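The values are calculated or read from the model by the stated rules, or taken from the named source; none is laboratory data. Bear in mind the structure is a predicted one, so any value in this text is a computation, not a measurement. Ideal geometry is used to build each Cβ from the backbone, glycine not excepted, and the neighbour counts take in all protein chains shown.
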Ligand SMILES: Cc1cc2nc3c(=O)[nH]c(=O)nc-3n(C[C@H](O)[C@H](O)[C@H](O)COP(=O)(O)O)c2cc1C
């Protein structure tokens, strides 16, 4: 089983709740299935560029114009994406670790997603066949921490919606969320308890992932 772990958090693990949840998740998974192939991408070490006009042309012009020939600069605009897409397309399971920032994913995670979701690379798109995934990812696990608490369907939560809709678009529908909510101790007396519940949930999801036959 190949797992790609993408982490968008600049803090060291001892200060980061989402990274501690990731440690609990991978600790359990590796205990149960030591043979997993794990590739780690720390986005603060492998910073994605913002989506550019050159990348837009290189990715989308071929969809609408068969005769399009990319310029050298347009070809080079794919450099970051190509490296990450290779890891993405080799993975069976994608794990995303991040805090909630301003109700959404950290901008560095959004920039990575913009680099990954490219036609002709991670999905195909046509009038006849619609959108078809070109990857092997069967499941996504989100490991998230937030200061506040957001009930299901709370429309302030743009984080899980962003990930769900973005990846459902390319055919990944099985998405687990482990979420340490209410982590601001100024507003929630039970922040430690909420964290412990999330750590436990992370090990339970790891047990489920370990059972996937691949
Ligand atoms: C820049 C910034 C923006 C934040 N925005 C939100 C927010 O919109 N909603 C929320 O509930 N918490 C917000 N928080 C709080 C974090 O989500 C919370 O502290 C979380 O536990 C951080 O996870 P970490 O310890 O893994 O970094 C924000 C924190 C920072 C630093």
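Yes or no: residue 18 modelled with pLDDT of 95 or more and within 16 Å of the ligand (Cβ to nearest atom)?
yes
For residue 175, state whether it is more than 16 Å from the ligand (Cβ to nearest atom), under 24 Å from residue 206 (Cβ atoms) and surrounded by fewer than 18 Cβ atoms within 10 Å (Cβ to Cβ).
So residue 175 fits the description; yes.
Residues checked against (1) modelled with pLDDT of 95 or more; (2) within 20 Å of the chain's Cα centre (by Cα); (3) under 20 Å from residue 19 (Cβ atoms); (4) part of a helix (DSSP H, G or I):
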| position | (1), (2), (3), (4) |
| --- | --- |
| 137 | yes, yes, no, no |
| 144 | yes, yes, yes, no |
| 148 | yes, no, yes, no |
| 151 | no, no, no, no |
| 157 | yes, yes, no, no |
| 164 | yes, yes, no, yes |
| 172 | yes, yes, no, no |
| 194 | yes, no, yes, yes |
| 204 | yes, yes, yes, yes |
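Kindly establish whether residue 158 is over 18 Å from residue 205 (Cβ atoms) and crowded, with 18+ Cβ neighbours inside 10 Å.
Judged against the criteria, residue 158 is not a match.
Could you give every pair whose Cβ atoms fall below 9 Å, whose first residue belongs to the stretch 100-117 and is closer than 17 Å to residue 19 by Cα, and whose second residue is in a helix (DSSP H, G or I) and away from the ligand (no atom under 16 Å from the Cβ), counting only separations of at least 6 or pairs across chains?
Going by the 9 Å Cβ cut-off, the qualifying pairs are 105/113.
Residues of the stretch 74-105 being within 16 Å of the ligand (Cβ to nearest atom), outside any strand (DSSP E or B) and either touching a strand residue (DSSP E or B) at 6+ places or on another chain (Cβ under 7 Å) or closer than 14 Å to residue 122 by Cα (or both), which ones?
Taking the stretch 74-105 and keeping what is within 16 Å of the ligand (Cβ to nearest atom), we get 95-105.
If we keep only those that are outside any strand (DSSP E or B) as well, we get 100, 102-103, 105.
Matches in the stretch 74-105: 100, 105.
So, of the residues in the stretch 1-15 that are under 16 Å from the mean Cα position of the chain (by Cα) and outside any loop (DSSP other than H, G, I, E, B), which turns out to be nearest to the ligand (Cβ to nearest atom)? Spell out how you get there, then give the answer.
Within the stretch 1-15, the first condition is being under 16 Å from the mean Cα position of the chain (by Cα), and the residues that meet it are 2-10.
Restricting the remaining residues to those that are outside any loop (DSSP other than H, G, I, E, B) gives 2-7.
On the way: 2: 25, 3: 20, 4: 19, 5: 14, 6: 14, 7: 10 Å.
Applying the filter and picking the extreme gives 7.
Looking for whichever is more than 16 Å from the ligand (Cβ to nearest atom), at pLDDT below 95 and either in a loop (DSSP other than H, G, I, E, B) or closer than 23 Å to residue 107 by Cβ (or both) here; the options are 35, 66, 46. Which one fits?
66
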